[in-house]
Amino acid sequence: MRTKPSAGLDAGHPLDPLSEAEVTLASEILRQEKRLGPHARFTHVQLEEPAKSEVLGWKPAAGLPRRAAITLFDSKTGATHVATVDLDL
């Protein structure tokens, strides 16, 4: 069962990079939701930046949704895929 380790709580600002816990959570969500097999390789897991208008209107107590942009490679087929994972589910 997946637990939600402090997604977004480590971020002091909406443009702060993903924490180690958020990277792990994003990878787990994608593996489970898309039933990725043993040939899936994550090449990039990084912050999917919020819209500029959201960042400009951000207040420290309000928070913003955190999303991860993930690029993965299937070493069996050679296919590359791009996904966005919502960390605030």
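The values are calculated or read from the model by the stated rules, or taken from the named source; none is laboratory data. These numbers were taken from a predicted model, which means no experiment stands behind them. Backbone-built Cβ (ideal geometry, glycine too); neighbour counts: all protein chains shown. Quick note on the areas: whole protein, heavy atoms, side chains included, nothing else; ligands and nucleic acids left out. Shrake-Rupley method; radii C 1.70, N 1.55, O 1.52, S 1.80 Å.
Worth a mention:
- When restricted to residues that are touching a Lys or Arg at 6+ places or on another chain (Cβ under 9 Å) and exposed (fewer than 11 other Cβ atoms within 10 Å of the Cβ), segment 33-61 contains 2.
- Condition broken by THR3, with the remaining ones in (1) surrounded by fewer than 16 Cβ atoms within 10 Å (Cβ to Cβ); (2) at pLDDT 90 or above satisfied: (2)
- Any chance LEU64 is at pLDDT below 95, among the aliphatic types (A, V, I, L, M), open to solvent by less than 60 Å² (accessible area, probe 1.4 Å) and within 16 Å of the chain's Cα centre (by Cα): yes
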